[in-house]
Amino acid sequence: MTTLREIGVAALVNIGLTILFLLSFVFLSLQPVNDRVYYPKLYIKGLRKGRPRATPRQLKPIEKYVNLELNQYTRLFDWVKSALRKTENDIIQHAGLDSAVYLRIFLVGLKIFIPLMILSMAILVPVNVGAGSLAESGTDVTSNTTDTKFLFSSIDKLSMSNVPNRSPRWLQREIHLFLKGLLETNCEQEDAKFC
């Protein structure tokens, strides 16, 4: 039986790992030895060899592999600002057509699924939680009882198993599915202004 606490722990672990991977990506992309991995087009053109440095001095042998410029580590996320300002043509020139297509697919997915998530949360959560079918026929995991009825946790109250059969709340679920279908159809059209 999954509880809200277990879901919260899993979410914290995933958020922590995401932050760790993001920091690793940013740190490794600053290292000169990784230029051919993170910036292959610029590396082939020779544009990544002479990086601007804070102090014009002779490079130490280790600096071919490790970036010792501490001021570059203080601006770890400056790339986010410039990446958000790039046009599609800039992305094609810098990273290639496949990257531009991937970003376009990703953005279309966001335009479809964020409104669907908001719609689902606004309609389905109140419908499912308010039904109360599980509380009438089951036993809550947190209660100290030896009842032999089926067990449910507080997260199960959010699912459609909390809605009884032949309930009028099923009509609200059908309306939700109809609105979801309209939204998906509208977002799939190329000239959709809603998405």
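The values are calculated or read from the model by the stated rules, or taken from the named source; none is laboratory data. Computed from a prediction, not measured in an experiment: that's the story for all the values here. For accessibility, only protein heavy atoms count, side chains too; no ligands or nucleic acids. Shrake-Rupley method; radii C 1.70, N 1.55, O 1.52, S 1.80 Å.
The set of residues in region 64-93 being at pLDDT below 80, in a helix (DSSP H, G or I) and not polar (S, T, N, Q) consists of Lys64, Leu70, Tyr73, Trp79.
Consider region 169-195 and keep the residues that are outside any helix (DSSP H, G or I) and open to solvent by 80 Å² or more (accessible area, probe 1.4 Å). The one that is modelled with the highest pLDDT is Gln189. Scanning region 14-32 for residues that are over 19 Å from Ala95 (Cα atoms) and β-branched (Val, Ile, Thr) turns up Ile15, Thr18, Ile19. Filtered by the rule that a residue be at pLDDT 65 or above and open to solvent by less than 80 Å² (accessible area, probe 1.4 Å), region 145-157 gives Phe152, Ser153, Ser154, Ile155, Asp156, Lys157.
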